[in-house]
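Structure record follows, encoded as structure tokens.
The values are calculated or read from the model by the stated rules, or taken from the named source; none is laboratory data. Everything quoted here is computed from the prediction, not taken from an experiment. All Cβ positions, glycine included, derive from the backbone under ideal geometry; neighbour counts span all protein chains shown.
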Amino acid sequence: MGLFGGRKTVFVDADILVIGGGMAGCGATYESRYWGRDLKIVCVEKANIERSGAVAQGLYAINCYMGMQWGENQPEDHVRYARNDLMGLVREDLGYDIARHVDATVHKFEEWGLPIMRDPKTGRYQREGKWQIMIHGESYKPIVAEAARKAATEIYNRIMVTHLLMDQSKVNRVAGAVGFNVRTGDFYVFRAKAVIVGAGGASHIFKPRAVGEGMGRTWYAPWSSASAYALPIQVGAKMTQMENRIVLTRFKDGYGPVGAYFLHLKTYTQNGYGEEYESKWYNHTKELVGDYIDRHPVPTCLRNHAFIEETKAGRGPIRMVTKEAFQDPHKETVGWENFLGMTIGQAVVWASQNIDPKHINPELTTSEPYVMGSHATCSGAWASGPEDCAPAEYQWGYNRMMTVDGLFGAGDTIGGTAHKFSSGSFAEGRIAAKAAVKYVKDLGKAQPQVGEQEYRDLEKVIFQPLENYRVGRNEIVAGTVSPSYLLPMHGLQRLEKIMDEYVGGISANYVTNSMLLDRGLELLAMLKEDMNHMGAEDLHQLQRTWELHHRLLASESVTHHTLFRKETRWPGYYYRGDHMKLDDQNWHCFTLSRYDRNTGKWEMQKAPVYHIID
Ligand SMILES: Cc1cc2nc3c(=O)[nH]c(=O)nc-3n(C[C@H](O)[C@H](O)[C@H](O)COP(=O)(O)OP(=O)(O)OC[C@H]3O[C@@H](n4cnc5c(N)ncnc54)[C@H](O)[C@@H]3O)c2cc1C
């Protein structure tokens with residue numbers, strides 16, 4: 001079979017195309033059906049929605065639940081909390097919109113069969129912390145996926161979406177997407193009136209702590225490959241806060257979560273000498289960020305900061321004191337169950353390293369940086385806000401529509417709204433879908449047109465790495481090395497090294513500056529040139545190639561944003577060595593970027609932060 005001649009092209013028409021069937025994508029698919037009873041709703045996923053995305057392995061807590069039915073918290077409280085944690089910078093309109101809807105989403109999960117723990121005394125959901133409720137969540141994702149499956153007209157699993165398609169009849173309007181089946185190699189052309197992107201965040205753009213055979217062992221899912229950012233960036237959608245990468249304090253080597261330990265088991269940390277250390281860094285941190293260190297709770301990045309400084313001062317390792325809590329059999333059970341429900345690997349690591357937390361206080365570590373918009377950071381696309389509460393400057397169209405017409409997003413995709421987590425991402429998917437259905441209905445006859453030339457050109461580009469490999473492998477000089485192509489793994493390691501050394505990864509103690517960032521951009525540009533010479537041995541490697549393309553574009557965005565913001569807003573996430581202090585006078589604002597795919601240039605600008613909640 002010739003490379004292009006015999007390949008099957010599958011055309012799929014949809015009213016609404018949902019890209020990525022994770023938490024946000026399942027929420028979007030479910031809600032699209034509710035408002036669009038007669039519409040064709042298609043969800044496309046590169047894995048299988050049954051067990052895909054960051055929640056694939058299950059969770060032990062739902063981290064965003066107000067508890068309004070019991071008067072526990074109000075949406076305004078959550079906005080204040082997220083704003084505080086993000087050192088002042090969040091899209092309060094978007095955050096408020098999620099917070100006011102998220103409880104209803106959690107109630108649906110329970111109705112669909114998710115076991116939520118209850119406090120035996122009050123009958124309320126068992127709280128792990130102020131915002132978290134505890135679940136038996138091993139089957140969280142299959143439960144959520146079932147709702148999406150029943151709502152969708154069609155679900156396409158195993159299709160990696162590589163590019164969005166633009167309308168031929170109207171500029172700056174989306175018209176669909178293309179991708180390929182990672183098992184059969186068929187080329188897919190999706191023609192859609194509206195597209196909702198819910199393709200998760202980005203791991204593996206910075207070099208991970210575990211390398212070689214262990215490189216898949218990262219905190220964030222290794223399959224989260226930045227498509228949520230690259231797909232909109234490629235078509236010129238504006239992005240925001242891409243510098244706001246996340247660094248997590250987690251149990252060492254297995255990246256087991258610490259939330260239940262701190263909040264529910266009341267464990268605490270100490271340095272290698274068995275001393276409390278956070279308070280030692282108070283004055284130092286106050287000099288950098290001023291009053292933000294006095295806020296309650298202390299922002300996540302600042303707690304990382306004390307950890308990083310204490311370790312740099314030579315007083316590591318930092319340990320979690322579990323020995324006391326684990327004397328209580330109930331707490332011991334919760335401690336282990338916490339991992340068995342969501343991070344089994346941590347239990348295995350402890351077993352393999354002879355760590356019984358009842359007798360040994362386990363080590364913690366800070367992770368390499370990741371990019372995501374739904375956890376304790378808020379990188380992502382710049383989206384239009386809800387019409388009843390978004391300031392005029394944040395409203396140019398339908399709720400959650402990006403700066404490209406008809407292109408919506410939710411979950412990790414949308415920027416400015418940290419702390420939405422699994423439930424908030426699903427709720428945001430629902431919000432985006434409701435608006436997308438309205439958009440489709442308002443379109444009337446003015447429907448987007450997909451151009452044949454555009455998708456045929458993309459088809460050539462998408463499958464070219466298979467051809468590069470087929471031809472180039474005859475020139476292999478040693479092992480897997482060929483002078484005429486680059487393998488995805490080689491490209492990935494090169495990307496991770498650049499980001500690590502120049503953009504503030506682990507080996508640089510998260511520090512960078514304008515000189516390093518400029519050089520990083522030069523090296524990224526060279527890698528980009530070489531991407532034309534990728535070689536893919538099979539369809540799996542072809543997927544890896546396109547994941548690398550997406551990671552590279554997101555990395556460029558992160559680097560430009562980091563260069564643009566001339567301050568250190570989030571010590572503990574990263575440091576601008578040439579601007580070590582937080583600068584509220586000049587940088588109490590969002591950073592926005594727009595990529596021009598014709599010139600390859602990035603435009604940067606500031607956008608105001610409006611505080612709509614007191
Ligand atoms: C390690 C970890 C622990 C967490 N713990 C908790 C917790 O305890 N409680 C909590 O509430 N939340 C938790 N979260 C947060 C929660 O998982 C996320 O907020 C949520 O999954 C984000 O939803 P999403 O739909 O944006 O991304 P995801 O759920 O990750 O879904 C993205 C989907 O897009 C698909 N996809 C990606 N690229 C493509 C492409 N090119 N083409 C087609 N499909 C594609 C992926 O396969 C995936 O199915 C945790 C997250 C992580 C990473």
Looking only at segment 131-147, count how many residues are more than 10 Å from the ligand (Cβ to nearest atom), modelled with pLDDT of 95 or more and charged (D, E, K, R).
1
With the condition kept exactly as written, say whether any residue in segment 521-535 is buried (at least 19 other Cβ atoms within 10 Å of the Cβ), under 29 Å from the mean Cα position of the chain (by Cα) and not in a helix (DSSP H, G or I).
yes
Tell me, please, whether a residue that is of a type in the set (S, T, N, Q), under 19 Å from the mean Cα position of the chain (by Cα) and either surrounded by 23 or more Cβ atoms within 10 Å (Cβ to Cβ) or away from the ligand (no atom under 15 Å from the Cβ) (or both) can be found in segment 258-267.
no
Output the qualifying pairs, or none if there are none: Cβ atoms under 9 angstrom, residues six or more apart or on different chains, first residue in segment 67-78 and over 19 Å from D614 (Cβ atoms), second residue surrounded by 15 or more Cβ atoms within 10 Å (Cβ to Cβ) and β-branched (V, I, T).
G67/I133
Residue within segment 139-147 that is at positive phi and in contact with a Pro (Cβ under 9 Å, 6 or more places away or on another chain) present
no
Please find, within segment 390-414, the residue that is surrounded by the most Cβ atoms within 10 Å (Cβ to Cβ) out of those that are within 16 Å of the ligand (Cβ to nearest atom) and aliphatic (A, V, I, L, M).
A410
Sole residue being away from the ligand (no atom under 15 Å from the Cβ) and basic (K, R), chosen from R33, R51
R33
Looking at (1) within 12 Å of the ligand (Cβ to nearest atom); (2) under 30 Å from G272 (Cβ atoms), which one does A325 not meet, given that it meets all the others?
(1)
May I ask you to verify whether H579 is under 16 Å from D518 (Cα atoms) and either buried (at least 23 other Cβ atoms within 10 Å of the Cβ) or not small (G, A, S) (or both)?
yes
Cross-chain or 6+ apart pairs with Cβ under 6 Å, segment 163-181 first and hydroxyl-bearing (S, T, Y), then at pLDDT 95 or above:
S169/Q449
Selection within segment 91-139 - among the aromatic types (F, W, Y) and surrounded by fewer than 16 Cβ atoms within 10 Å (Cβ to Cβ):
W112
Scan segment 168-186 residue by residue and report those that are surrounded by 21 or more Cβ atoms within 10 Å (Cβ to Cβ) and over 17 Å from F408 (Cα atoms).
G179, F180
Of the listed residues (G58, G21), the one being closer than 20 Å to S425 by Cβ, within 13 Å of the ligand (Cβ to nearest atom) and buried (at least 24 other Cβ atoms within 10 Å of the Cβ) is G21
With the checklist (1) surrounded by fewer than 16 Cβ atoms within 10 Å (Cβ to Cβ); (2) of a type in the set (D, E, K, R); (3) in contact with a helix residue (DSSP H, G or I) (Cβ under 7 Å, 6 or more places away or on another chain) in hand, flag the one item E276 doesn't pass.
(3)
Restricting segment 55-95 to residues that are part of a loop (DSSP other than H, G, I, E, B) and touching a strand residue (DSSP E or B) at 6+ places or on another chain (Cβ under 6 Å), the one nearest to E337 (Cα to Cα) turns out to be G58
Picked from segment 233-250 (must be farther than 20 Å from Y575 by Cβ and surrounded by 24 or more Cβ atoms within 10 Å (Cβ to Cβ)), the residue nearest to the ligand (Cβ to nearest atom) is I233
With the condition kept exactly as written, say whether any residue in segment 386-407 is among the hydroxyl-bearing types (S, T, Y) and part of a helix (DSSP H, G or I).
yes
Pick from V195, V171, V189: which is under 24 Å from the mean Cα position of the chain (by Cα), more than 10 Å from the ligand (Cβ to nearest atom) and closer than 24 Å to G451 by Cα?
V195
Among the residues of segment 427-443, write down those that are of a type in the set (A, V, I, L, M) and without any contact (Cβ under 8 Å) to a residue 40 or more places away in the chain.
A435
Right, A230: more than 19 Å from the chain's Cα centre (by Cα), under 24 Å from M401 (Cβ atoms), buried (at least 24 other Cβ atoms within 10 Å of the Cβ) and modelled with pLDDT of 95 or more or not?
no
Of all residues in segment 340-384 being among the aromatic types (F, W, Y) and under 25 Å from G201 (Cα atoms), the one that is nearest to the chain's Cα centre (by Cα)
Y370
Within segment 1-18, considering residues that are within 14 Å of the ligand (Cβ to nearest atom) and of a type in the set (V, I, T), the one farthest from Y220 (Cα to Cα)
V12
If you take the residues of segment 363-375 that are under 21 Å from L59 (Cβ atoms) and crowded, with 24+ Cβ neighbours inside 10 Å, which of them is farthest from the ligand (Cβ to nearest atom)?
V371
Can you say whether G424 is touching a residue at least 40 places away in the same chain (Cβ under 8 Å), in a loop (DSSP other than H, G, I, E, B) and surrounded by 24 or more Cβ atoms within 10 Å (Cβ to Cβ), as far as the supplied structure shows?
no
Which numbered condition in (1) on the phi < 0 side of the Ramachandran plot; (2) away from the ligand (no atom under 13 Å from the Cβ) is the only one that I159 fails?
(2)
Among the residues of segment 444-453, are any in contact (Cβ under 8 Å) with a residue 24 or more places away in the chain and either touching a helix residue (DSSP H, G or I) at 6+ places or on another chain (Cβ under 6 Å) or in a helix (DSSP H, G or I) (or both)?
no
List pairs: first in segment 382-401 and at positive phi, second surrounded by 22 or more Cβ atoms within 10 Å (Cβ to Cβ) and aromatic (F, W, Y), Cβ under 6 Å, 6+ apart or cross-chain?
R400/F408
